Amino acid sequence: MNKSIQILKTEAKILQANEFYADKVRDMLSKSNTYCVNLISSPGSGKTTLLVNTLHQISDAIACAVIEGDQQTSNDARRISKTGVPVIQVNTLQSCHLNADQILTCLNELPLHDIDLLIIENVGNLVCPASVDLGENEKIVLLSITEGEDKPEKYPLAFSEANAMLLTKIDLLPHLKFDIAQCEKSARSVNGNIEIIQTSSFESNGLDKWIQWLKNRIRAK
């Protein structure tokens, strides 16, 4: 048998199984009226720092929980737990992304009916997580200005699947040769409807706009 056909069939079965679990996740989130976002980015884009700062600002008013995905360690989960928000660590080991069955397992361990906002921090990777449905309401992609303006065109699926792009570390702009206008043009070339929010976790630039965006989505849900 043609090996390429075997590989395609195997991949199709894996994706089909994932969709089964993703639908179950969607159903649970819908029944509990929990809004869920899936954060995707390259390693080192500032996902966890932005997430911790976000939780510090909103967790008193909005009941939150976090599912933290990493290949190894629980370092980020420990950082998040200091905010007082429930967090479940998932170590994917050799896998480069979270799967819907892992999310479903986590949901069964959370008081879902008491949670308004569930944030999934996916494994640092702009490729694999973009193609895997976790049953979330929306994907959010982060792009650090240290990564280059053309990343949306190099990794188009992550940006085309996302409802918003958080442009992170803009406090470093005076020290880098980074063209924000070109970056936004690159993002909109693959997704004309993407919302772009500039943020800095250290100077709090843009965090208010990001948090208001989240609040609006939760209300709409």
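Rule-based calculations on the coordinates, nothing more; no lab input. All of these numbers come straight from a predicted model, not from anything done at the bench. FYI the Cβ positions are ideal-geometry reconstructions off the backbone, even for glycines, and counts take in every protein chain you see.
Around the amide H of Val87, modelled in the peptide plane, lie the amide H atoms of Val66, all under 5 Å away and 5 or more residues distant in sequence or on another chain.
Ranking of Val37, Val66 by neighbouring Cβ atoms within 10 Å, starting from the fewest: Val37, Val66. Under the shape rule built on the C-alpha gyration tensor, where the axes satisfy a ≥ b ≥ c, the range 128-221 is oblate, since a/c reaches at least 1.5 while a/b does not exceed b/c.
Our helix-only sum for the chain, with -39,500 (n - 2.57) per DSSP H run of n ≥ 4 divided by its residues, gives a mean residue ellipticity at 222 nm of -13000 deg cm²/dmol.
Note on the chain: GNM, Cα springs under 10 Å; of Ile58, Ile170, Ile120, the largest mean-square fluctuation is that of Ile58. In this structure, the amide hydrogen of Ile196, modeled 1.01 Å from its nitrogen in the peptide plane, lies closer than 5 angstrom to those of Met165, counting only residues at least 5 positions away or on a different chain.
Applying the criteria of a DSSP loop state and at most 11 other Cβ atoms within 10 Å to the GluC sites (Glu not before Pro) of the range 103-154 yields Glu109. When each of Ile40, Ile80, Ile197 is scored by the number of other beta-carbon atoms lying within 10 Å, the sequence from fewest to most is Ile197, Ile80, Ile40. With the alpha-carbon atoms of the range 78-187 aligned to their principal axes, the span from lowest to highest coordinate is 45, 30, 27 Å, starting with the largest. Considering only Asn163, Asn122, Asn193, the Gaussian network model of the chain with Cα springs below 10 Å gives its largest mean-square fluctuation to Asn193. Net length available on complete extension from Gln71 to Gln94 is 7.6 nm, with 0.36 nm assigned per residue and the Cα-Cα distance removed. Per-residue 3J(HN,Hα) values for the range 93-104, derived from phi via the Karplus relation 6.51 cos²θ - 1.76 cosθ + 1.60 with θ = phi - 60°, read 6, 7, 6, 9, 7, 7, 10, 5, 5, 5, 5, 4 Hz in sequence order (x marks Gly and Pro). Taking amide H atoms as placed 1.01 Å from N in the peptide plane, the amide H of Ser144 lies under 5 Å from those of Thr168, each 5 or more residues away in sequence or on another chain. Straight Cα distances below 20 angstrom link Lys31 to the aspartates and glutamates Glu19, Asp23, Asp101, Glu109, Asp114, Asp116, Asp133, Glu136, Glu138, with same-chain residues fewer than 8 positions distant left out. Sequentially through the range 18-31, phi angles give Karplus couplings (6.51, -1.76, 1.60; θ = phi - 60°) of 5, 4, 4, 6, 4, 5, 5, 4, 4, 5, 5, 5, 5, 5 Hz, Gly and Pro residues having no value and appearing as x. Remark: the range 172-189, residue by residue, has Karplus-estimated 3J(HN,Hα) of 8, 3, x, 9, 10, 9, 10, 9, 4, 4, 5, 5, 5, 5, 4, 5, 6, 6 Hz, where x stands for each Gly or Pro and the curve is 6.51 cos²θ - 1.76 cosθ + 1.60 at θ = phi - 60°. The mean sequence separation of alpha-carbon pairs under 8 Å and at least six residues apart, normalised by the residue count of the chain, gives a relative contact order of 24 percent.
Cβ crowding within 10 Å, taken as a proxy for footprinting-reagent exposure, orders Lys154, Lys47 from fewest neighbours to most as Lys154, Lys47.
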